[in-house]
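Structure, as structure tokens:
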Amino acid sequence: MLENFGTYFEQVKRAIVSFNSISDILDVLLVAFVIYSAIKLIRDTRAFQLVKGVVLLAAVYFMVSIFNMEASKYLLSLLFGNLLIILVIIFSPEIRHALESVGRSSVSNINLFNLKNRDESAIQESIKASINSVCKACSDLSDKQIGALIVFEKDTMLGEIAKTGTMLDATVTTELICNIFFPKAPMHDGAVIIKDGRVVSAGCILPLTGKNDLSSELGTRHRAAVGMTESSDALVVVVSEETGQISIAEKGQLNRDISDGDLREILSRSFIKVSDKESNKIKKILRGNKNESEE
């Protein structure tokens, strides 16, 4: 074991001495980026505890090698001999999440083969109408303290989640959302999935978050909302059955007790595309308001 460590450090020394080309710099930067991304991926998750366990086993392996404890050394050598396969099995959810994150990059959004069947402007109008309907429904459900869980799909495909519920493919309306979540209705306990302004499925089962630092006040709906945004880039709207509060989850974070106006603003900012012309108009209006306030 010590001889292996000595050989390893000798190889590191030779690599540092021969470090004299641009390709070496790019190689180091790539390795550093991969390590940083891995740490960022597992930070604040259960996987971080697993990493600590692997590090502890490595320390034990080092100690038994020093003291020449043959039986323990043999057992641990079997473990570390297949370490790569074991790590792939243990960290398969994190690896899958990392690959999904890469797939959500801007490169994947290029539509080379014109796969979108619906006209973009029609989709945008449908999305605007669906946001208005969902905000109105959430306001009504909040007043009546009726629980709701609504998922807005973005780039991550949620087909597997949608299949856990009842497939609908229906236009989003306030009445439909309220009827789905009406107490004792067949699908009121699950989640609704909305894609491109249409209800894809209802009564869906979402993955729960593994976080332990969430407030004890939060129930299954809120934990499912956070869990869904940890495994995808979706936005999830929650209406609390106990308090009637409206919350929205994004990127593993929960923004609690927001108004229906705030909800409308967040959803519009995330899903409604603003043209360059409209963007310039908004900037001019904001610039004019700023000048007036300065005067």
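Quick notes on this structure:
- Among the listed pairs 251/273; 40/184; 163/211; 144/251, those beyond 30 Å (Cα-Cα): 40/184
- Local charge for residue 130 was computed over the other residues whose Cβ lies under 12 Å away, with Lys and Arg +1 and Asp and Glu -1, and equals +2.
- Each peptide among 30-37, 258-265, 192-199, 69-76 gets the average number of other Cβ atoms lying within 10 Å of its residues, and from highest to lowest they stand as 192-199, 258-265, 69-76, 30-37.
- For segment 120-274, convex hull volume per residue from C-alpha positions, Å³: 98 Å³
No lab work stands behind these numbers, since they all come straight from the coordinates. Remember, predicted model here, so these are calculated numbers, not experimental data. Neighbour counts run over all protein chains shown; Cβ positions are idealised from the backbone, glycine included.
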